[in-house]
Amino acid sequence: MCSSLIAKEVTESLLNVQRMASRIEKLSHISSGQGPGVTRLAYTESDERATQQVEEWMIAAGMVITRDQFHNVIGRYEGTDVSAAPVVVGSHIDSVPEGGAYDGVLGVLAGIEVVQELSTRGMRCIRPIHVMIFRDEEGVRFQAGLIGSKGFTGLLREQDLQLQDEKGITLAEAITALGEDESITTVIVKQPNIASYVELHIKQGPLLDEYKIPCSVVNGIAGAARYRFKVVGNPGHAGTVPMALRKDALLAAAEIILAIEQQAILHDSLVATVGHLSVLPGASNVIPGVVEGSLDIRSLDEQLIKSSIATIIQVCEQICRLRGVDVSFTCVGYSPPVQASKRMISLIESVLAQHKITALPLVSGAGHDAMVMGAITEMGMIFVRCKEGISHHPAEYVDISDMEVALDVLFGVIYQLANDF
Ligand code: GLV
Ligand code: MN
Ligand code: MN
């Protein structure tokens, strides 16, 4: 079907942005935190409650839902060719601690709204459309991230199932706890056959706000590596061990963190973050004996990620040698940088042009399930302006008029992907 015909068919949009906005609001209250933000760590009770709520909305929109072994949710809206590879639109609904209401959620609910519009009109596309919720995108609980999308695409490693949260619960146990009786024992999956993947997501940075553009197209996503490091020194009495005889793991960790910052600021295109530390035994009158920390390092340049990690490990080993403590680094997650497919970029640009939006090509520093899906199919992303680019924060906010435009654009993109792409 040609695009001008499609444009005519859908001029009277029934997309219900108010319904989507009130659903976003409703989900924001499904949280296990005490503060004003959203706290829905992966595979926890609040995450599961929110997932079940979204499943209800999928069913109401005319989809048939299933879950895979990682409890990713697949909402299928049948096509006229039931054997055709589906178009997938998805994102995540887990959050960081005290995060915002839109990160991930907007993409999932926008996908549902597009399907709702099709089913309300009694329209079927040629290809089936799958709306997906990927579990554990954020990676807060197990410090790895993109677990669901990696599981779905067969990119999860067997050892990832043994990753532990702070309470010692493994990823395998957390996933199994959601099921009735099936325990997860393998990461092996049948490679899904998918025609294309599109993800709509907030722009977690100020560019769209600065240029006053409601939404635009993403060219590429920075690669990200996540490590855990462990410094082992000697605990002891804070009052009796002289300074010169101490092997304080936290002092070594402090130097490590500053060394990581030094490495990152050497390169404009590299960012590195130590976002989590645990200090053991963790008492004010005991010299820290063990420190465990996280390292998140990102760039669009894969070589730079690799060489910086090698240098960081070398420098940190040297710091620890001088302090007489041990250090080890373990990689818990790696996703290479990815480019969106050229065909998807031009399709999104053409739909943006139909809505009189000049495409501002964007690069994502944040990770997205799209970077994993890009390994198995053509991938495209649409970013939506969010106020001042604030994200991972309770103040995250998207104006309803931007959501309305973004929904229209997503509808146009999915419609073409599912019919004549
Ligand atoms: C997810 O938001 C990430 O970029 O880590
Ligand atoms: Mn996100
Ligand atoms: Mn996020």
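Each residue in the stretch 205-238 was checked for being buried (at least 21 other Cβ atoms within 10 Å of the Cβ), within 16 Å of ligand 3 (Cβ to nearest atom) and not in a strand (DSSP E or B), and 1 pass.
So, of the residues in the stretch 376-391 that are surrounded by fewer than 24 Cβ atoms within 10 Å (Cβ to Cβ) and over 23 Å from Q416 (Cβ atoms), which turns out to be nearest to ligand 2 (Cβ to nearest atom)? Ranking the candidates gives S391 first. Only residues that are charged (D, E, K, R) and either within 16 Å of ligand 1 (Cβ to nearest atom) or not assigned by TED's automatic domain parsing to the domain that holds V217 (or both) were counted in the stretch 339-392, giving 1.
Every test in (1) within 16 Å of ligand 2 (Cβ to nearest atom); (2) modelled with pLDDT under 95 is passed by D420 save one, and that test is (1).
If you check V38, V89 for being within 13 Å of L109 (Cα to Cα), within 19 Å of the chain's Cα centre (by Cα), among the hydrophobic types (A, V, I, L, M, F, W, C) and buried (at least 23 other Cβ atoms within 10 Å of the Cβ), only one passes: V89. Evaluate the following for P288: is it closer than 27 Å to L250 by Cβ, surrounded by 18 or more Cβ atoms within 10 Å (Cβ to Cβ) and more than 16 Å from ligand 3 (Cβ to nearest atom)? Against the criterion (closer than 27 Å to L250 by Cβ, surrounded by 18 or more Cβ atoms within 10 Å (Cβ to Cβ) and more than 16 Å from ligand 3 (Cβ to nearest atom)), P288 qualifies. Here the condition is being outside any loop (DSSP other than H, G, I, E, B) and surrounded by fewer than 15 Cβ atoms within 10 Å (Cβ to Cβ); of I59, I65, it holds for I59 alone.
Could you check, for the stretch 254-266, whether at least one of its residues is closer than 12 Å to K230 by Cα, of a type in the set (G, A, S) and touching a residue at least 12 places away in the same chain (Cβ under 8 Å)? Checking the stretch 254-266: not a single residue is closer than 12 Å to K230 by Cα, of a type in the set (G, A, S) and touching a residue at least 12 places away in the same chain (Cβ under 8 Å). Filtered by the rule that a residue be among the hydroxyl-bearing types (S, T, Y) and either at pLDDT 95 or above or not assigned by TED's automatic domain parsing to the domain that holds A310 (or both), the stretch 268-299 gives T273, S278, S284, S294, S299. Name the residue, out of D94, D103, D136, that is surrounded by 23 or more Cβ atoms within 10 Å (Cβ to Cβ), of a type outside the set (F, W, Y), without any contact (Cβ under 8 Å) to a residue 60 or more places away in the chain and within 16 Å of ligand 3 (Cβ to nearest atom). From the options D94, D103, D136, the qualifying one is D94. All of (1) within 16 Å of ligand 2 (Cβ to nearest atom); (2) among the hydrophobic types (A, V, I, L, M, F, W, C); (3) farther than 20 Å from A418 by Cβ hold for L109 with one exception: (3). It is to be established whether one or more residues within the stretch 192-204 are open to solvent by 50 Å² or more (accessible area, probe 1.4 Å) and assigned to a helix (DSSP H, G or I). No; the residues of the stretch 192-204 include none that is open to solvent by 50 Å² or more (accessible area, probe 1.4 Å) and assigned to a helix (DSSP H, G or I). For the stretch 227-258, the tally of residues that are of a type outside the set (A, V, I, L, M, F, W, C) and touching a Leu at 6+ places or on another chain (Cβ under 7 Å) stands at 1.
The values are calculated or read from the model by the stated rules, or taken from the named source; none is laboratory data. Computed from a predicted model, the values in this text were never measured in an experiment. Cβ atoms come from the backbone with ideal geometry, glycine included; neighbour counts cover every protein chain shown. For the accessible areas, the whole protein counts, side chains as well, though only heavy atoms, and no ligand, DNA or RNA atoms are used. Shrake-Rupley method; radii C 1.70, N 1.55, O 1.52, S 1.80 Å.
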